[in-house]
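A.B. asks: The following block contains the structure, expressed as structure tokens.
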Amino acid sequence: MTTAHIERIDLDALTAWRIRRGAHELVITQQGAQVLSYRQDDQPPLIWLSEQAAYARGQSVRGGVPICWPWFGALERNPQAVQALHNSPSSAPAHGGVRGLDWQLLGIDNQDDAVVIQFALDTREQPLPDWPHEAQLNLRVRLDDRLHLSLCTDNPGHQPLPFSQALHSYFAVSDIRQVQVEGLAGCRYVETLEDWQQREQHGDLTFSGETDRIYLDTPPSLSIVDPLWQRRLQLHSSGSRSAVVWNPWIDKAQRLSQFADDAWTGMLCIEHANVLDDCISLAPGEQHRLEVSLWSEALK
Ligand code: TA6
């Protein structure tokens, strides 16, 4: 029986919980219901957190798993139905607004086989600026010998609820120039760095420059193969048919907040999403669940 040790901690202006269960440790903040870090004793972290992370109110912490909702990226790059719900699209922040809000801690359930922590956000109680619509969000995080994230959206209103979203996961890698992503071969993708042209992925994805791609019709299983750290990060998802793959590389790294100039070498974002044609529209009373499970396996 492995029960978890749970402590509430203050990270500058933010409240967080550190959960330790066996050899696994997870930190999650109340602001944004943001997983900040996830590590196991016998290896480097699985989830990456910037060494320059700032824990300030109203802004996302660089790293972990920020929740992008009710739109992904720049609002004007979203489908018209998603844009139309905002009263002032040109002033809309990137990645929606829930990253900077305090979510309500519903509870921490310390079970024999897992610990489950849940947060909720109701836009009727925590309205998003210039986005006057009704939605209920629930993030459930389950830690057993893997990490399971489940983002549930309910439409309690009387109008359709169109939105895009992403679990903007930052993964730690030994050296981005030495890793590859398996599972995307044959997928179409949008090359956002070259005028959003559509292309097709040939073979496994490797990295030799800034990468910011939206993969479409993605399979449920992807993996990051890391030969230097002799491990494979397994990512299994449901409720998502699009994934954003991002590494800022050298130049963009110097323009990013909370990001050391050389930090690009040790991180890789694979963001399970519902974006572009994969965006969601919930009828009144409907629910959608986006789920990602992640774990590490030794490379044979
Ligand atoms: O992950 C894709 C992306 O949209 C990148 O273009 C980059 O902007 C990244 O998200 C980080 O965004 P943020 O607002 O968290 O700095």
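A.B. asks: Hey, does region 73-93 have a residue that's touching a Phe, Trp or Tyr at 6+ places or on another chain (Cβ under 6 Å) and more than 20 Å from Val275 (Cβ to Cβ)?
C.D. replies: no
A.B. asks: Give all pairs with beta carbons closer than 9 Å in which a residue from region 200-214 that is farther than 19 Å from Ser169 by Cα meets a residue that is of a type in the set (A, V, I, L, M) and open to solvent by 70 Å² or more (accessible area, probe 1.4 Å); count only pairs at least 6 apart in sequence or on separate chains.
C.D. replies: Close Cβ pairs (under 9 Å, with a partner that is of a type in the set (A, V, I, L, M) and open to solvent by 70 Å² or more (accessible area, probe 1.4 Å)) amount to Gly209/Leu193; Gly209/Ile250.
A.B. asks: How many residues, within region 72-83, are touching a strand residue (DSSP E or B) at 6+ places or on another chain (Cβ under 7 Å) and buried (at least 21 other Cβ atoms within 10 Å of the Cβ)?
C.D. replies: 2
A.B. asks: Please determine whether any residue of region 170-178 is exposed (fewer than 15 other Cβ atoms within 10 Å of the Cβ), in a loop (DSSP other than H, G, I, E, B) and not hydroxyl-bearing (Ser, Thr, Tyr).
C.D. replies: There is at least one residue in region 170-178 that is exposed (fewer than 15 other Cβ atoms within 10 Å of the Cβ), in a loop (DSSP other than H, G, I, E, B) and not hydroxyl-bearing (Ser, Thr, Tyr).
A.B. asks: Let me ask something else. Can you confirm whether Gln136 is within 19 Å of the chain's Cα centre (by Cα), over 28 Å from Asn247 (Cα atoms) and open to solvent by 40 Å² or more (accessible area, probe 1.4 Å)?
C.D. replies: Answer is yes for this residue.
A.B. asks: Here's another thing I want to ask about it. Just one of (1) within 16 Å of the ligand (Cβ to nearest atom); (2) open to solvent by less than 20 Å² (accessible area, probe 1.4 Å); (3) assigned to a strand (DSSP E or B) trips up Leu184, so point out which.
C.D. replies: Here Leu184 clears every test but (3).
A.B. asks: Take Asp226 and tell me if it is on the phi < 0 side of the Ramachandran plot and free of Cβ contacts under 8 Å to residues at least 12 places away in the same chain. Lay out the reasoning, then the answer.
C.D. replies: On the way: on the phi < 0 side of the Ramachandran plot: yes; free of Cβ contacts under 8 Å to residues at least 12 places away in the same chain: no.
Criteria not met by Asp226.
A.B. asks: Further question on the same structure: As an exercise: evaluate Arg199 against (1) more than 15 Å from the chain's Cα centre (by Cα); (2) within 13 Å of the ligand (Cβ to nearest atom) and give the number of the one condition it does not meet.
C.D. replies: In the conditions (1) more than 15 Å from the chain's Cα centre (by Cα); (2) within 13 Å of the ligand (Cβ to nearest atom), Arg199 misses (2) alone.
A.B. asks: Pick from Leu49, Leu36, Leu26: which is open to solvent by 40 Å² or more (accessible area, probe 1.4 Å), closer than 23 Å to Trp295 by Cα and aliphatic (A, V, I, L, M)?
C.D. replies: Leu49
A.B. asks: Residues of region 67-76 being within 11 Å of the ligand (Cβ to nearest atom) and without any contact (Cβ under 8 Å) to a residue 40 or more places away in the chain, which ones?
C.D. replies: Matches in region 67-76: Ala74 only.
A.B. asks: Can you tell me which residue is surrounded by the most Cβ atoms within 10 Å (Cβ to Cβ) among those in region 84-113 that are within 16 Å of the ligand (Cβ to nearest atom) and either more than 25 Å from Phe259 (Cβ to Cβ) or over 17 Å from the mean Cα position of the chain (by Cα) (or both)?
C.D. replies: Of everything passing the filter in region 84-113, Ala92 is surrounded by the most Cβ atoms within 10 Å (Cβ to Cβ).
A.B. asks: Take the residues of region 52-66 that are within 11 Å of the ligand (Cβ to nearest atom) and closer than 24 Å to Glu134 by Cα: which is most open to solvent (accessible area, probe 1.4 Å)?
C.D. replies: Gln59
A.B. asks: Pick out, from region 187-300, the strands (runs of 3 or more DSSP E) lying fully within it that include 1 or more residues that are touching a Gly at 6+ places or on another chain (Cβ under 7 Å), modelled with pLDDT of 95 or more and open to solvent by less than 10 Å² (accessible area, probe 1.4 Å).
C.D. replies: Values: elements: 188-191, 197-200, 211-216, 221-226, 231-238, 242-247, 267-274, 280-282, 287-298.
In region 187-300, the matching strands (runs of 3 or more DSSP E) lie at 221-226, 287-298.
The values are calculated or read from the model by the stated rules, or taken from the named source; none is laboratory data. It should be emphasised that the depicted structure is a prediction, and the values quoted were computed from it without experimental measurement. No Cβ is skipped: glycine too gets one built from the backbone with ideal geometry, and neighbour counts run over all protein chains shown. Each accessible area value is taken on the protein alone, full model and side chains, heavy atoms only, with ligands, DNA and RNA left out. Shrake-Rupley method; radii C 1.70, N 1.55, O 1.52, S 1.80 Å.
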